[in-house]
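Trainee: Here it is, the structure in full.
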Amino acid sequence: MSEIRLFGALGKKDRFRAVMRWFLYSLTLLLMYMAMSGGLFKKWQPVMIIPLAVSVAMREKEMSGSVFGAVCGLIIDIAYGKLFGFSGVWLMPCCLAAALLVANLIKSNLLNFLWVNAVVCALTALADYFFGYVLWNVKNSSYVLTGYIIPAHLSAVLLSPAVYFLVKLISVKFSPRETRRLNVGPAEDEEEEEYYRRDNDHEKRNNE
C-alpha cells in the first residue's frame, strides 16, 4: 500500500518515468521469453529471466521486486512447459530476499549482484532437479542435470552482467530522483548523481 500511495504522490513527469521503467522491464522480460522459447540453442536455453528478476529486485522496493520475480517465474514455466507456478514459488521469495538484502545489508552493485544471482540460479536449479526428477525417480535424471539444467543456469550466470547493466540503465534513466534507492556502490553512485545533475540542469533550462 505504501508503494501505491508513493506512486500517487509523484508528479506527472515522475509517474511517466515509473510507467516507462516498468514497461521496459516487461518488454525485456517478453524478449527474453521469446528467446528462450525460440530455441536459440538445440538442447538447452539460458535461463536469462532469472538474472532479470534478481537485478530488478535489487533496484526496486521489496513488494514490487518480489511480484516481478513471481511473474518472471510464471514466464519461465510457460517457456519450458513446466508445472505452471513452480518457478514462481521459488523466484518470488528469492527476489524478496534479494530486495531485503539491498535494503538492509548490502549495496546494489555489480559484485553483489553477481553472487546473489549465482545463489538464486543454484537454488532454482536444485529445486528444478529435485522436485522435477529426483522426487519422481525419473530414469537418467543425472543426464538431465548435467546436459540441460546445469548448462542452462550456468550460462545465465555467465551472461548476467549484460542483464545487470541493461536494468541499471533503465532504472537510472527512468527513476525519479526523490524515490530512487540510494544504496549503490560508490562508483555507480557518482555516475547516477552525475546523470541526475545533468537531468536537473536540463529541466531548469526548459523551465526558464
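Derivation of every value follows stated rules applied to the coordinates shown; laboratory data play no part. Everything numeric in this text was worked out from a predicted model, so none of it was measured. Positions of Cβ are generated from backbone atoms using ideal geometry, with glycine treated the same way; all protein chains shown enter the neighbour counts.
Trainee: Across segment 50-63, in residue order, what do the Karplus-derived ³J(HN,Hα) couplings come to in whole Hz, using 6.51 cos²θ - 1.76 cosθ + 1.60 with θ = phi - 60° and x for Gly and Pro?
Mentor: 5, x, 4, 4, 5, 5, 5, 4, 7, 10, 10, 6, 4, 5
Trainee: What distance in nm separates the simple spin-label points at ALA127 and SER142, each placed 7 Å from Cα in the Cβ direction?
Mentor: It works out to 2.6 nm between the two label points.
Trainee: To make sure I understand, if each residue's beta carbon is the centre and we count other beta carbons within 10 Å, what order do TRP136, TRP44 fall in, fewest to most?
Mentor: Ranked by crowding around the Cβ, least crowded first: TRP136, TRP44.
Trainee: Need one number: nm distance between label points at LYS12 and LEU166, each 7 Å from Cα along Cα→Cβ, rounded to one decimal.
Mentor: Here the answer is 3.3 nm between the modelled labels.
Trainee: Right, here's the next one. For a quick protection proxy, order the peptides 12-22, 147-157, 70-80 by their average other-Cβ count within 10 Å, most packed first.
Mentor: In decreasing order of mean packing, 12-22, 147-157, 70-80 become 70-80, 147-157, 12-22.
Trainee: Also, quick follow-up: Which order results if CYS121, CYS95 are arranged by neighbouring Cβ count within 10 Å, fewest first?
Mentor: Working: CYS121 22, CYS95 30.
If I rank by nearby Cβ atoms, fewest first, I get CYS121, CYS95.
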